[in-house]
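Asks: Let me give you the structure first, and then I'll get to my questions.
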Amino acid sequence: MRELSLNILDIAQNSISAGASLITIEVSENTTDYTLLIGIYDNGKGMSEEQVKSVIDPFFTTRTTRKVGMGIPLFKMAAEQTGGSLEIKSELGVGTEVRAYFKTDSVDFTPLGDVSSTIQMLITMNTDRDFVYKHIVNEKEFVCDTREIKAILGDVPLDTYEVSQWLKDFITENTEVLYK
Amino acid sequence: MKTLAELMAIKEATKQRMTVREDTGDDAIRIVVGMATCGIAAGARPVLNAFVDEVAKRNLKGVTVSQTGCIGMCQYEPIVEVIQPGKEKVTYVKMTADKVAKVVNDHIVNGNPVAEYTVSAIK
């Protein structure tokens, strides 16, 4: 993957396949100690301990958990090549939390890329789910919650073109400010 | 900077327009983009965005853009299928955002699939 934002898109698809109604995506960066956390948390059907082990191993998975496949191994590799790590916490019937830790000063750090496109796409392609996007840079924080947006929109769908374009700009502009 | 307050104005403008919009019937054209790990890694995200933009720009009615999982030919991703009732499904391979305008213009609007982008053009 050329951007970590594509890994986020990919991992969030697993949450959607797992039937999650609420998916939280957290990007938390500390520019003084060069660390980055990317978290994808859902309330989907969850996995057993065995399944968690198998999604990390790309060769063990192939048949039983075909839906997961290469996504987690690629994300894990992206984290580990910077000196970071990946952890998965999951409970059947409760949900799954995937956390990847990166060292942003590593030469092998993949750029974060266009996260706003990822979030826009997830929200507008899955209007029946709710998403919380939380982006933190040092002490500053931006939160975008579709439950809040839906309350304002009423019966106007989230995937209306004008709303979708607003969403993209809303996320891009509010995220840029965090880095200033 | 964009704020939640602006969303109110967008809502009101959209609502007025929505009352005149007709429902998409069974003869709708579906544009389906493969968005599994293979598709995403090959660049499906900008392709899907380009289709959404192009369909909106031309204000096309009865056309939906959606996503699906792995179609099974990962080496030809990004793959896009155009499904129209009563017609054979057309599968576009190795799509890019640049190719999207031509597919929408020639195929979706004028009914002529772009043969050179389809899976049958692969040797």
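Asks: When B:Met95 is evaluated against the numbered criteria (1) part of a loop (DSSP other than H, G, I, E, B); (2) in contact with a Ser or Thr (Cβ under 8 Å, 6 or more places away or on another chain), which criterion, by number, is the only one it fails?
Replies: Checking B:Met95 against (1) part of a loop (DSSP other than H, G, I, E, B); (2) in contact with a Ser or Thr (Cβ under 8 Å, 6 or more places away or on another chain), the one that fails is (2).
Asks: So for the range A:70-82 (the condition being basic (Lys, Arg), out of contact with any Cys (no Cβ under 6 Å at 6 or more places or on another chain), in contact (Cβ under 8 Å) with a residue 40 or more places away in the chain and more than 30 Å from A:Thr127 (Cβ to Cβ)), does at least one residue qualify?
Replies: no
Asks: Regarding A:Phe131, is this residue of a type in the set (Phe, Trp, Tyr), surrounded by 18 or more Cβ atoms within 10 Å (Cβ to Cβ), farther than 14 Å from A:Ile38 by Cβ and in contact with a His (Cβ under 9 Å, 6 or more places away or on another chain)?
Replies: For A:Phe131, the condition - of a type in the set (Phe, Trp, Tyr), surrounded by 18 or more Cβ atoms within 10 Å (Cβ to Cβ), farther than 14 Å from A:Ile38 by Cβ and in contact with a His (Cβ under 9 Å, 6 or more places away or on another chain) - is not met.
Asks: So which of A:Ile25, A:Ile8 ends up being away from every other protein chain (no Cβ under 14 Å) and modelled with pLDDT of 95 or more?
Replies: One residue alone meets the criteria, A:Ile25.
Asks: Right, here's the next one. Please state which one of A:Gly154, A:Gly83, A:Gly95 is within 13 Å of chain B (Cβ to nearest Cβ) and of a type outside the set (Val, Ile, Thr).
Replies: A:Gly154
Asks: When the residues of the range A:135-160 are filtered to those that are aliphatic (A, V, I, L, M) and in a helix (DSSP H, G or I), which remaining residue is surrounded by the fewest Cβ atoms within 10 Å (Cβ to Cβ)?
Replies: Ranking the candidates gives A:Ala151 first.
Asks: On to the next question. In the range A:117-151, which residues are within 24 Å of A:Asn43 (Cβ to Cβ), hydroxyl-bearing (Ser, Thr, Tyr) and either free of Cβ contacts under 8 Å to residues at least 12 places away in the same chain or within 11 Å of chain B (Cβ to nearest Cβ) (or both)?
Replies: Selection gives A:Thr118, A:Thr124.
The values are calculated or read from the model by the stated rules, or taken from the named source; none is laboratory data. Fair warning: this is a prediction, and the values are worked out from it, not measured in the lab. Positions of Cβ are generated from backbone atoms using ideal geometry, with glycine treated the same way; all protein chains shown enter the neighbour counts.
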